[in-house]
Structure formats: C-alpha cells, structure tokens
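The values are calculated or read from the model by the stated rules, or taken from the named source; none is laboratory data. Please read these numbers as outputs of a predicted model, since none were measured by experiment. Reconstructed Cβ throughout: ideal geometry from the backbone, glycine too, with neighbour counts over all protein chains shown. Just so you know, the surface numbers come from the protein's heavy atoms only, side chains and all, with ligands and any DNA or RNA stripped out. Shrake-Rupley method; radii C 1.70, N 1.55, O 1.52, S 1.80 Å.
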Amino acid sequence: MAAEANVNVMVTVRLAAAHDAEAIGRIQVESWRAAYTGLMAEEAIEGFDVAERQRLWREGLSREPRPGSATFVVEEAGEVVGFASVGASREADAEAELYAIYLRPDHWGRGIGRALLRRAEDSMRASGFRQAILWVLEGNERGERFYRAAGWEQDGRKVDTFQGAAVSELRYRKRL
C-alpha cells in the first residue's frame with residue numbers, strides 16, 4: 001500500500017518480514033534514544049541494545065502471527081525508515097493495542113508516521129477490533145501531540161518498570 005505522506009514524499013507501507021528485523025531493531029533503539037533521553041534513567045536508555053532488539057524481532061517475525069496481530073514497515077526510496085506493531089490488547093478493558101510505532105528520528109515531522117499509523121489502524125479495524133489503546137511515555141510531548149492529532153484520547157496512566165527504571169506511561173484510546 002502506498003500513501004503520499006507529504007508534498008514530495010512517497011512511502012510504501014507493507015507487512016514486515018524476518019529480513020526486516022535488522023532495520024526494525026536499529027530504528028527502535030535510535031528512536032528510543034532520541035525521544036526518551038531526559039525522560040528516563042540514562043542507564044535504562046544505554047541498556048537498550050540494538051543486537052538484542054534485532055534478535056527479538058528476528059524471532060518474532062519468523063513465527064506465524066497471532067490472529068489480529070501484524071507488524072508493518074514503512075519504506076522511503078526502498079529503505080525501511082519505520083515500523084508499527086499491532087494486535088490484541090494486553091489490557092482486559094480494551095480490544096486492540098498499538099504495541100509500538102517508531103520512525104527514524106531524521107524522518108520525524110514529515111508525515112511518514114501518519115501514513116504508518118493509518119495502516120496500523122486499518123489493520124486493527126480489518127481484524128474486527130472496534131477500539132484500541134496505546135501507551136506513551138509520560139513527558140513525550142511529541143508523541144502525545146502525534147496521537148492526539150490522529151484522534152486518540154488519553155484515558156489512563158500507570159507506573160511500570162523498564163530495564164530496572166520506573167517509568168510513567170499514559171494510556172490513549174481510540175474508537176476505530
């Protein structure tokens with residue numbers, strides 16, 4: 001599926017394959033470091049390892065996805081520049097969940113993330129889900145603006161642990 005994300009930017013959003021794991025793992029860590037520095041303990045950010053993320057994505061993308069689950073990559077000029085992952089919610093009071101959406105930091109603010117988010121939402125809708133949630137690190141104002149602009153509304157908060165560090169996350173919900 002191709003979507004024009006910005007005036008001169010043409011991107012392709014497609015299902016991810018195992019061979020995308022290297023790019024996905026790298027993008028996830030790059031994005032975390034750019035977005036979350038100053039919002040969580042430096043040791044937690046530094047401990048987020050590219051090779052480990054790539055290994056986990058290789059394993060995950062090599063398995064048959066659970067019903068309603070999908071991972072997508074977005075390409076610009078044939079290069080993977082972002083990804084999103086969706087599926088059944090891990091929370092009892094929600095149907096679907098946007099587990100992750102990350103874009104290379106040098107591609108932020110160009111409309112590419114909007115094309116990727118639309119595809120993720122379309123996938124959840126096509127799987128029969130009527131509403132979805134996502135979690136965003138509290139203080140990630142760029143992320144919050146992005147989700148609100150796409151019609152997501154904050155409806156909860158939790159404190160969790162990541163790499164041994166306490167983090168506060170905000171929950172957003174959207175009717176699909």
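Within the stretch 146-164, the residues that satisfy the criterion of being part of a helix (DSSP H, G or I) and either surrounded by 11 or more Cβ atoms within 10 Å (Cβ to Cβ) or β-branched (Val, Ile, Thr) (or both) are PHE146, TYR147, ARG148.
Determine whether VAL167 is assigned to a strand (DSSP E or B), more than 16 Å from the chain's Cα centre (by Cα), buried (at least 18 other Cβ atoms within 10 Å of the Cβ) and not acidic (Asp, Glu). Yes.
LEU134 - would you say it is over 15 Å from the mean Cα position of the chain (by Cα) and open to solvent by less than 60 Å² (accessible area, probe 1.4 Å)? Considered against the rule, which asks whether it is over 15 Å from the mean Cα position of the chain (by Cα) and open to solvent by less than 60 Å² (accessible area, probe 1.4 Å), LEU134 comes out as no. Of all the criteria given as (1) under 21 Å from ASP20 (Cβ atoms); (2) assigned to a loop (DSSP other than H, G, I, E, B); (3) small (Gly, Ala, Ser), the one not satisfied by GLY113 is (2).
Listed here are the residues, each with its yes/no results for (1) open to solvent by less than 60 Å² (accessible area, probe 1.4 Å); (2) within 19 Å of TYR147 (Cβ to Cβ).
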{"position": "SER62", "(1), (2)": "no, no"}
{"position": "VAL74", "(1), (2)": "yes, yes"}
{"position": "VAL86", "(1), (2)": "yes, yes"}
{"position": "ASP106", "(1), (2)": "no, no"}
{"position": "ARG110", "(1), (2)": "no, yes"}
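Applying the set (1) open to solvent by 50 Å² or more (accessible area, probe 1.4 Å); (2) more than 17 Å from GLU75 (Cβ to Cβ); (3) in contact (Cβ under 8 Å) with a residue 12 or more places away in the chain to ALA126 leaves exactly one unmet item: (3).
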